[in-house]
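Asks: Right, I'll just put the structure down here and ask away after.
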Amino acid sequence: MASDTRPVIANLDFNDIKKDIIRHFQSRSEFQDYNFEGSSLNLLVDILAYNTHYNALSANFLVNEMFLDSALLRKNVVSIAQALNYTPRSARASKAKLTLSIPKLSGSNFYTLPAGSLFSSASGNLSFNFYTIEDYTIQYDNIDPVGTTKTLEIDVYEGTEVTQRFIVSQAANDFQRYELLNQNIDTSTLVVTVNGLKYQLVSEETQGINDVTKDSGVYFVDESRELTYYLKFGNGVIGKKPSAGDEILATYLVTSGPEANGVQTFTPNITGRGDITISATVTSNGGANIETINEIKDNAPNYFQTQYRAVTAKDYEAILKRNFADIQAVHAYGGEEVGKPGKVFFSIKPKNRDKLTPQEKLAISRDILTKFNLVTITPEITDPDIIKVIVKTIIQYDPAKLTTTPEVLVARAIALFNTLNTTYVGDFLESFRVSKISQEIINLDQAIVSANTRTNLRIDVNALNQVLDKPSFTFGNRLHEVIYAGEASFGAVCESTEFQRVGRQTFSKFRDDGRGNMQLVDVIQGEVTIVNPEAGTIDYATGDVAISDFDPADGDIGFIAYPESFDINASGNSILQISVGDSSARAIDKNDLISLNSFNVSRGK
Amino acid sequence: MAVQPNFQRKNVYKDFDLSLTRNPLTNDIGTKTDAAAINQSVKNIILTNFYERPFQPNFGSNISGLLFEPADAITIADMRQVIYTCLANYEPRVQVKAVVIRDLIEQNSYHIEIQYDLKDVEKEDSTSLVLERLR
């Protein structure tokens with residue numbers, strides 16, 4: 001049977017294409033020398049194959065860049081997202097709340113702190129400038145004597161204030177665009193005036209264009225291909241079209257993003273008002289870099305689904321992620337799940353911290369949720385239950401393959417724990433699987449032959465004024481049950497760190513007794529004395545722990561338990577986090593049987 | 001049984017002429033057959049530098065790189081070796097018998113004659129070319 005010489009058009013690789021062309025043309029009688037590398041025909045085939053390969057790759061790239069899932073270039077991802085009515089979030093300036101004490105001056109009953117007032121600050125080796133972006137006015141009574149101090153609460157934003165000026169030319173088109181020439185602009189700080197009149201930003205999440213008429217002073221903002229932004233004005237139908245000669249002023253902050261988070265001290269630099277002092281400060285927060293490509297890919301379809309209204313739990317998650325940048329993970333659930341219908345709960349885990357401050361929760365409720373919320377629903381922000389996973393790994397290495405030192409292997413394993421915290425666990429419902437982490441450790445170096453990893457769980461509770469913030473909590477996993485654990489030599493299944501009770505110098509701790517009770521014990525010079533044999537309960541099957549009856553001094557208490565399975569499940573409102581400070585790794589020569597017998601164990605804390 | 005006359009034998013190798021000349025009778029592109037096709041191929045291989053062909057960086061002889069070396073016996077030996085190697089690699093139809101290189105020092109060039117056996121057509125043949133620094 002004659003071989004099939006029809007051309008194959010699915011090949012992308014140069015060599016495959018070339019072979020295919022040769023196979024196809026060899027059946028022709030005009031020429032024969034296709035297969036000889038030196039022949040002129042082979043040269044011609046090379047050019048044809050190169051051309052085909054080039055076009056195939058171009059087509060492949062082109063098609064990939066047409067879809068949100070497969071696009072790689074930011075400009076294309078942004079463009080596709082725009083078709084979904086989604087404008088990627090700009091960088092966000094870190095925001096701090098300051099309370100100013102402002103003495104009354106003679107001759108005036110009010111004082112206006114103008115937009116653009118500077119507050120300088122420093123954090124470590126870095127210094128930052130924070131500005132007000134709106135005017136604040138304080139009013140004094142007529143009868144107040146000069147020097148009377150009143151307080152004023154203001155928001156300041158980190159960045160460098162920039163003003164750009166554009167003059168509208170004769171040749172200006174409909175929807176004329178003007179480019180803001182800086183990267184890392186926080187577009188939420190943008191103030192645009194045309195001939196001194198302030199224009200309003202129209203974005204998808206404000207009112208859209210429903211209320212925009214031909215006389216509306218509005219502008220739009222689009223991201224450019226160079227990570228800068230365009231201002232876009234109307235066409236005389238949708239928004240007012242600026243006339244030739246009009247002066248456009250755009251003032252905005254170019255921000256350092258997250259670098260300025262956590263700043264606590266500020267110094268006012270207000271011209272002519274050296275008497276203004278700061279009486280209270282809320283640490284700066286909320287600074288973030290520009291939305292990444294992956295974030296846009298995740299957020300744009302979700303946001304499109306929400307249609308800028310929060311109806312389902314997923315809608316809330318999408319809106320929160322877009323509008324509050326300092327979120328590592330968010331979980332929204334309806335109140336009906338926890339017996340509180342009419343409410344929707346949000347559990348938010350901020351980046352690099354365990355929970356939000358009360359001020360941040362208030363700001364999110366007031367500034368974000370109420371704008372999108374259905375009127376009959378009350379949003380409520382809660383803290384996630386952070387379950388810390390303590391990882392203890394014994395690394396066996398082959399000294400013959402070791403190109404570095406065992407200490408370096410240990411350091412790399414510890415660094416891996418840190419990395420996995422954000423890439424592997426650290427989100428709601430992200431479980432911890434011990435085989436996965438062992439595999440990651442083995443992949444760290446060719447000399448590592450095995451990694452035996454055991455896990456313990458830790459939950460921190462805080463005591464304040466003799467009250468625990470979480471008198472009952474759950475490890476969310478079945479615990480390793482040992483009868484009469486409290487009397488066993490290896491210790492209990494669940495044990496707390498040591499703490500002091502009010503009015504005592506000695507230290508106490510909790511431990512379970514193996515029969516479902518949490519004991520309160522005093523530890524004096526290593527000797528354990530039971531104070532209350534039933535100071536709480538523990539359910540080994542569910543991991544639930546409830547503490548009652550004790551009087552702790554203020555501070556944190558950690559409860560550490562070891563689970564039945566080394567795979568840890570995350571459920572409900574809990575987030576798993578590898579506790580790098582508590583975790584450890586030990587590298588042992590695979591031939592050192594004495595050390596292996598001592599340390600390479602699979603149970604125990 | 002009648003013996004087939006030689007002229008009825010079909011060409012074993014058939015390539016087009018890289019100089020892209022026109023056949024005056026058919027107005028089609030000129031062709032090279034058998035020994036002429038192989039000779040052209042030999043020249044092509046020797047005159048191709050590395051990285052000239054797409055995706056085949058090692059194809060060719062890269063002999064032009066040697067033209068800027070000192071014109072002495074060592075360079076000539078190198079050129080000979082290069083020619084042997086590239087033809088062994090890329091032209092299976094010939095068995096190189098000798099490579100004669102003459103240094104035309106007045107013309108700043110080398111005259112190269114490659115003598116070889118054409119394996120399939122059982123014939124000896126040779127190709128000559130002159131390599132100059134400017135070509």
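Asks: I need every pair where a residue in segment B:16-37 that is away from chain A (no Cβ under 13 Å) and free of Cβ contacts under 8 Å to residues at least 60 places away in the same chain has its Cβ under 9 Å from the Cβ of a residue that is assigned to a strand (DSSP E or B) and of a type in the set (Val, Ile, Thr), sequence separation at least 6 or different chains.
Replies: Hits for this filter: B:22/B:29.
Asks: Residues being at pLDDT 90 or above, more than 20 Å from residue A:87 (Cβ to Cβ) and surrounded by fewer than 17 Cβ atoms within 10 Å (Cβ to Cβ): count how many of those fall in segment A:170-195.
Replies: So the answer is 2.
Asks: Within segment B:51-63, track down each residue that is polar (S, T, N, Q), surrounded by 17 or more Cβ atoms within 10 Å (Cβ to Cβ) and either within 17 Å of the chain's Cα centre (by Cα) or away from every other protein chain (no Cβ under 14 Å) (or both).
Replies: Within segment B:51-63, just B:61 meets the criteria.
Asks: Another question, if that's okay. Determine whether residue A:227 is part of a loop (DSSP other than H, G, I, E, B), within 18 Å of residue A:90 (Cα to Cα) and of a type in the set (A, V, I, L, M).
Replies: Yes.
Asks: Continuing with the same structure: Out of (1) surrounded by fewer than 13 Cβ atoms within 10 Å (Cβ to Cβ); (2) within 17 Å of the chain's Cα centre (by Cα); (3) within 14 Å of chain A (Cβ to nearest Cβ), the odd one out for residue B:87 is which?
Replies: Answer for residue B:87: the failing condition is (1).
Asks: Taking residue B:81, is it polar (S, T, N, Q), part of a helix (DSSP H, G or I) and touching a helix residue (DSSP H, G or I) at 6+ places or on another chain (Cβ under 9 Å)?
Replies: No.
Asks: Given the options A:48, A:57, A:68, A:100, name the one that is assigned to a loop (DSSP other than H, G, I, E, B) and of a type in the set (A, V, I, L, M, F, W, C).
Replies: A:68
Residue-wise test of (1) of a type in the set (Val, Ile, Thr); (2) on the phi > 0 side of the Ramachandran plot; (3) part of a strand (DSSP E or B).
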{"site": "A:130", "(1), (2), (3)": "no, no, yes"}
{"site": "A:133", "(1), (2), (3)": "yes, no, no"}
{"site": "A:169", "(1), (2), (3)": "no, no, no"}
{"site": "A:173", "(1), (2), (3)": "no, no, no"}
{"site": "A:182", "(1), (2), (3)": "no, no, no"}
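Asks: Output yes when any residue across segment A:205-218 is surrounded by fewer than 19 Cβ atoms within 10 Å (Cβ to Cβ), modelled with pLDDT of 90 or more and in a strand (DSSP E or B), and no when none is.
Replies: no
Asks: Something else about it: Go through (1) in contact with a strand residue (DSSP E or B) (Cβ under 7 Å, 6 or more places away or on another chain); (2) surrounded by 14 or more Cβ atoms within 10 Å (Cβ to Cβ); (3) not charged (D, E, K, R) one by one and return the number of the condition residue A:514 breaks.
Replies: All conditions pass for residue A:514, except number (1).
Asks: Continuing with the same structure: Any residue that is in contact with a helix residue (DSSP H, G or I) (Cβ under 6 Å, 6 or more places away or on another chain) and more than 12 Å from chain B (Cβ to nearest Cβ) - is there at least one of those in segment A:37-52?
Replies: For segment A:37-52, residues in contact with a helix residue (DSSP H, G or I) (Cβ under 6 Å, 6 or more places away or on another chain) and more than 12 Å from chain B (Cβ to nearest Cβ): absent.
Asks: Tell me, please, whether a residue that is under 23 Å from residue A:351 (Cβ atoms) and not in a loop (DSSP other than H, G, I, E, B) can be found in segment A:137-147.
Replies: No, that holds for no residue.
Asks: Kindly indicate the residue of segment A:521-531 that is within 18 Å of residue A:551 (Cβ to Cβ) and over 43 Å from the mean Cα position of the chain (by Cα) and also surrounded by the fewest Cβ atoms within 10 Å (Cβ to Cβ) among those meeting that condition.
Replies: A:529
Asks: Got a sec? Which strands (runs of 3 or more DSSP E) wholly within segment A:471-565 have at least 2 residues that are farther than 28 Å from residue A:575 by Cβ and at pLDDT 85 or above?
Replies: Answer list for segment A:471-565: A:507-512, A:517-524, A:527-539.
Asks: As an exercise: evaluate residue A:278 against (1) assigned to a strand (DSSP E or B); (2) free of Cβ contacts under 8 Å to residues at least 24 places away in the same chain and give the number of the one condition it does not meet.
Replies: (2)
Asks: Also, quick follow-up: Could you tell me which numbered condition residue B:12 fails, if it satisfies all but one of (1) outside any helix (DSSP H, G or I); (2) at pLDDT 90 or above; (3) among the β-branched types (Val, Ile, Thr)?
Replies: (2)
The values are calculated or read from the model by the stated rules, or taken from the named source; none is laboratory data. It should be emphasised that the depicted structure is a prediction, and the values quoted were computed from it without experimental measurement. All Cβ positions, even for glycine, are placed from backbone atoms using ideal geometry, and neighbour counts span all protein chains on display.
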